[in-house]
Each structure stands twice: as C-alpha cells, then as structure tokens.
Amino acid sequence: MTAPSVAQILTSAPVTALPGTWKLVRGRAVTLRPATDGILRVAHGRVWATLDGPHGCTPFDGGDHVLQVGRSMYVRAGQRIVLEAWNASGASYFAWDPVFAPVLAAAARPRLNPGIVLQPLADLRLALGLALAALGRLGTGLAHLGWAALGGGGRALPVRRPPGLVG
C-alpha cells in the first residue's frame, strides 16, 4: 500500500473553513476583475477558471483552466476571470495574492535635461548685462550731480547718451 499524497488528503478531508481563503460553493460562480496583477491559488478542491481573451498565443493562454489543490495561476490587472467550484464533494477554497511591480531605482532617477539649466543661464546673462548698463548710467548721473554741486567751474560735463536714444 502506498502513502497518500498531501493533495489526496486535503481533497478528501472535510473542510469547514480555511483561513485567508474564499469559499466557492459548488454550482456558484464568482467574477474577479483585479486592479493589480496577482496569483490565484487553490487551497482546497478544484476550480474551473475562465479568462477573458486574448487566447491561444501559447498553449497556456487558453480561456479555460482547471486548477486543483496546490496549483496557481497568474492573472494580469484588468483581466476578467470567472471562477466556479468544480468539485464533486462540495465547496472549493481559493486565495488571491496581489503581485506588485518592483520599483527600479534607476527608473526613479530623473533624466538630465540641459534645457532646464540653459534657459535660466541665458536669463541671468541678459539680466547681468542690463544691471551693468544701469550701474553705468547711475555712475554717470552721480558724477554729473557731484560736478554740479561743486560748482563745476562754469562748464558742464559732456552728456553721453545710450545708443538708440534720440534727444
């Protein structure tokens, strides 16, 4: 006589409840529409799982799957799956474990964009040019005021006008 496998013991033993699982009564179906990728695991009995398309890309992409104790199935986010207990002895139990995408450190680092530095540099260069021109005109105005305050000896300093100014 051979020793029974764990799967045979689990499928033949009466089950009242399995922590962390959902009970699926024979003759009933449930539809899952997961928001994240996940793994469907069968804890007791057998489950008939029908996936929405596309089907047939590989032998494992068929629409219908029968999963028994210890088997699991990967389901993508947004993919609809209909589950039905396919067990002669009664209810089946299944668990849903979400799979979260890993966040890569390299992907989180922002790309270098020289435009975010070049434009402010051009603005600063323009502002520095305008500031130097304004300082030059301020110095000239102060020199004229000082010359006039000292009496200036009767003659005025020549006035230099910025280019493009008429008057």
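The values are calculated or read from the model by the stated rules, or taken from the named source; none is laboratory data. This structure is a prediction, so every number in the text was calculated from the model and none was measured. When we count neighbours, we look across all protein chains shown, and the Cβ atoms used for this are built from the backbone with ideal geometry, even at glycine.
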Report yes if Gly78 is at pLDDT below 90, under 28 Å from the mean Cα position of the chain (by Cα) and at positive phi, otherwise no. yes
Qualifying residues in region 1-54 (those that are part of a loop (DSSP other than H, G, I, E, B), at pLDDT 85 or above and surrounded by 15 or more Cβ atoms within 10 Å (Cβ to Cβ)) - the one farthest from the chain's Cα centre (by Cα): Gly45
